[in-house]
Amino acid sequence: MKKIEVEKVNKWYDLHHDPMLEKRYLTLEDIHPLLTELGSQFSVHKIGESFEQRNIYELVFGTGPRTILLWTQMHGNESTGTRAFFDLIKFISQPKDHKWLADHILKECTVHCIPMLNPDGANAFTRINAQGIDLNRDVIDKKAPESALLQDVLKRVNPLYCFNLHDQRTIFSVGAGNETATMSFLAPSIDQKRTLTEGRKDTMKVIASIHNLLLDVIPGKMGRYTDEFYPKATGDNFQKMGHKTILIESGHSKGDYKRTVSRRTTFLALLEGLRFIGDEQAQIDHKKYFDIPNNEKKYLDIIVQNSLIDGAKKDIGILFLEKLENGNIIFVPSINQISDLSELSADKIIDAKGLEFANENDVEKWVKNRFN
Ligand SMILES: [Zn+2]
């Protein structure tokens with residue numbers, strides 16, 4: 001089995017990725033035209049409706065023996081996975097020089113996808129659904145219609161592997177270093193003891209192969225989430241039920257607030273994940289998963305160094321709140337912490353050169369004026 005030549009696929013991407021999908025605020029209206037223009041390799045049908053009666057679709061491609069379930073945007077304001085998913089669809093439709101790879105995936109895998117599981121949250125640009133429910137914590141209660149739909153598909157499809165796609169906040173760093181995590185991964189645990197089952201090992205192998213491929217693209221910019229067991233999380237429960245679940249978190253890259261870098265690397269991750277799963281002969285040691293550094297929360301959007309607050313030298317750490325305003329995302333600076341932040345890094349570091357503030361309220365006013 002051939003391996004992916006990442007440079008060549010990157011060239012394909014430069015020429016063929018859809019510029020219409022550059023925006024972070026992505027709604028059902030945006031993806032609807034894409035769902036109606038699919039080639040003959042794909043079938044699409046409505047599986048149900050969200051709480052506010054927006055359509056939720058399932059798209060299927062491939063005829064292979066390995067069944068895969070992939071869903072995106074279960075958190076409505078996390079669109080990078082959806083955008084990367086449509087890059088994958090474009091690749092499968094028009095692979096050009098990479099026909100062998102598209103054919104391999106179509107022949108070896110049957111992929112069921114729910115692009116935009118939470119269209120109400122996507123519309124409102126919220127993590128939660130229209131009932132205020134976090135779908136990633138609703139797997140047991142199934143209070144949201146979207147959660148019930150996902151599990152209906154899970155039961156019907158009985159996937160060998162699942163891909164659960166999310167966006168992570170800027171705050172995540174690679175280890176304690178000063179790099180932001182552009183991509184993070186997790187092979188979820190099935191219990192508090194974080195037992196290393198065969199299923200988890202297989203999940204780790206897929207992630208290790210993805211990590212391996214992306215080392216040539218974003219070296220030092222990948223992290224691994226804590227495998228602490230979350231009893232109510234979707235991935236943990238699906239894993240426990242025997243579906244090997246790969247969590248992918250698309251993240252920040254310096255200056256890249258549109259997440260064009262992680263959109264591309266998420267596309268590459270999906271492509272390599274499917275190639276690897278589809279290759280019976282593929283071998284990789286699951287322990288390579290542990291070569292990926294742990295995530296930490298050591299990155300911010302802005303750090304203002306060297307200010308004097310009530311006479312004491314301190315740094316001001318700022319995170320952007322992402323808000324929807326007239327159909328656009330605006331980034332509202334918000335103070336995250338004020339202290340000695342010499343251990344942290346940020347997208348932008350500003351030297352305040354001893355700028356004096358009487359108290360933290362004054363700092364807040366200054367931040368509002370300075371960064372708006
Ligand atoms: Zn998420």
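The values are calculated or read from the model by the stated rules, or taken from the named source; none is laboratory data. Because the structure is a prediction, the values reported are computed rather than measured. Neighbour counts are summed over all protein chains in view; Cβ atoms, including those assigned to glycine, are modelled from backbone coordinates with ideal geometry. For the accessible areas, the whole protein counts, side chains as well, though only heavy atoms, and no ligand, DNA or RNA atoms are used. Shrake-Rupley method; radii C 1.70, N 1.55, O 1.52, S 1.80 Å.
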- Task: Output the strands (runs of 3 or more DSSP E) that fall wholly within region 226-325 and possess 1 or more residues being surrounded by fewer than 21 Cβ atoms within 10 Å (Cβ to Cβ), or say none.
- Result: 299-309, 312-325
- If you take the residues of region 95-144 that are in contact with a strand residue (DSSP E or B) (Cβ under 7 Å, 6 or more places away or on another chain) and more than 16 Å from the ligand (Cβ to nearest atom), which of them is farthest from LEU26 (Cα to Cα)? GLU108
- Query: Does ILE92 satisfy the condition of being in contact with a strand residue (DSSP E or B) (Cβ under 9 Å, 6 or more places away or on another chain), open to solvent by less than 10 Å² (accessible area, probe 1.4 Å) and within 16 Å of the ligand (Cβ to nearest atom)?
  - Reply: no
- Query: If you go through region 162-172 one residue at a time, do you hit one that is touching a residue at least 12 places away in the same chain (Cβ under 8 Å), away from the ligand (no atom under 16 Å from the Cβ), open to solvent by less than 20 Å² (accessible area, probe 1.4 Å) and closer than 23 Å to GLU280 by Cβ?
  - Reply: no
- Does region 36-51 contain at least one residue that is farther than 20 Å from VAL206 by Cβ, more than 16 Å from the ligand (Cβ to nearest atom), in contact with a strand residue (DSSP E or B) (Cβ under 9 Å, 6 or more places away or on another chain) and open to solvent by less than 10 Å² (accessible area, probe 1.4 Å)? yes
- Message: When you check PHE61 against the structure, is it at pLDDT 95 or above and within 16 Å of the ligand (Cβ to nearest atom), yes or no?
- Response: no
- From ARG83, ARG24, residue being in the same structural domain as GLY251 (by TED's automatic domain parsing), within 16 Å of the ligand (Cβ to nearest atom) and out of contact with any helix residue (DSSP H, G or I) (no Cβ under 7 Å at 6 or more places or on another chain): ARG24
